[in-house]
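Inspection log for the structure reproduced underneath, given as structure tokens.
Bear in mind that the values in this text are calculations on the coordinates, not laboratory data. This one's a predicted model, so the numbers in the text were calculated from it and none came from an experiment. In this analysis, Cβ positions are derived from the backbone assuming ideal geometry, glycine residues included, and neighbour counts consider all displayed protein chains.
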Amino acid sequence: MIPISWYLLLSALLFAIGTAGALTRRNGISIFLSIELMLNAANLALVAYSRMWDARTGQLVVFFVLAVAAAEAAVGLALFIAIYRQRRTIDVNRLNLMRW
Amino acid sequence: METAIFLLFAFLAVASSLVVVAHKNPVYSTMGLVLTLSAVAVLFVLLGAPFLAVLQILIYAGAIVVLFLFVLMLLNITREEMPQSGQPVQRWTAILGAAIFFGLVGTLLWRVYHAANRGPLAPLSEQLVSLKALAGELFAEYLLPFEIVGLLLLVAVIAATVLARRPEDAENAGTAVGPVLTGTATTEPDPSGQNPDFGGGGR
């Protein structure tokens, strides 16, 4: 039987990788992909805790997270399409209109 | 056996997530994300959540990733969009920050785990795996959040449609006879069809 802590450490590792990606990437869509990775790492931790406590609540929360991630992806990608139409780029370094 | 499966798919998840964050071409990043999500779905099955594993494949790896690929295709973003992948200083700072963050989160999860540790893990219970019990709890105790999430998805669909609409379409929306009045529609009778590589960007 695999200890739950292994799952938790894997989850933390995936989350950290996603964080590094979201901080270093320039392409807006790649940043989005990193955020999806972080959400998924959180899902893994929730399911692992659900297993540990033998309770379904964690799984239900993951269900809601999936729905919210779908909504977020839809709106975010539509935003990127609108931005690309205006600026012809989605390089976040050049989208600096509201930066100080 | 179970340990071998866990190690294999954990390694696969980490390796493909590194591809997601490190590859220059966003299409390859998206494919790496598919691999990561599939590996995590296998871990969900090991943890006694087969329904969530199926949802993960269907919604994440199916719908969401296809949406990403669709937008990448529409915008035609290849690697020249990011000629300079960040100054080295920023990259190393981000990696250092992520490492510290990993330490923090790992320690936190570890301590919560040990505070709640109740000896060796019990075998999977019927109650945890059962889809019937999951659905019963979802539609009884969590009915209101469920409905709210449905509403959220509806709002997201509307928002995506409005945001991704072309500005010309917004202007023409008020005049139903726009192409007839302008009289210039010789080759493009439908104003929404004259630039097909930007059409249908919504959900």
Ranking of A:M52, B:M31, A:M1 by count of other Cβ atoms within 10 Å, fewest first: A:M1, B:M31, A:M52
Please compute the modelled spin-label separation between B:V14 and B:L104, points set 7 Å along Cα→Cβ, answer in nm with one decimal. 2.2
Which length gain, in nm to one decimal place, applies between B:E147 and B:T3 when the Cα-Cα distance is subtracted from 0.36 nm times their residue separation? 47.9 nm
Separation of the A:D54 and B:Q127 label points, Cα + 7 Å toward Cβ, nm: 0.7
Mind sorting B:R165, A:R99, B:R111 by how few other Cβ atoms lie within 10 Å of their own Cβ, fewest first? A:R99, B:R111, B:R165
Distance between the C-alpha centers of the stretch B:32-71 and the stretch A:13-65? Whole Å please. 12
Take the alpha carbon gyration tensor of chain A, find the square roots of its eigenvalues, order them as a ≥ b ≥ c, and report rounded if a/c is under 1.5; if not, report prolate when a/b exceeds b/c, else oblate. prolate
Would you please classify the overall shape of the stretch B:130-169 from the alpha carbon gyration tensor, given that a ≥ b ≥ c denote the square roots of the eigenvalues, rounded means a/c under 1.5, and beyond that prolate means a/b larger than b/c while oblate covers the rest? prolate
For B:T93 and B:M73, what is the calculated FRET efficiency with R₀ set at 41 Å and r taken between the beta-carbons, to the nearest 0.05? 0.80
Given a Förster distance of 22 angstrom, what is the FRET efficiency for A:M1 paired with B:A115, based on the Cβ-Cβ distance and rounded to 0.05? 0.65
Starting with the fewest neighbours, write out B:S16, B:S29 ranked by other beta-carbon atoms found within 10 Å of each beta-carbon. B:S16, B:S29
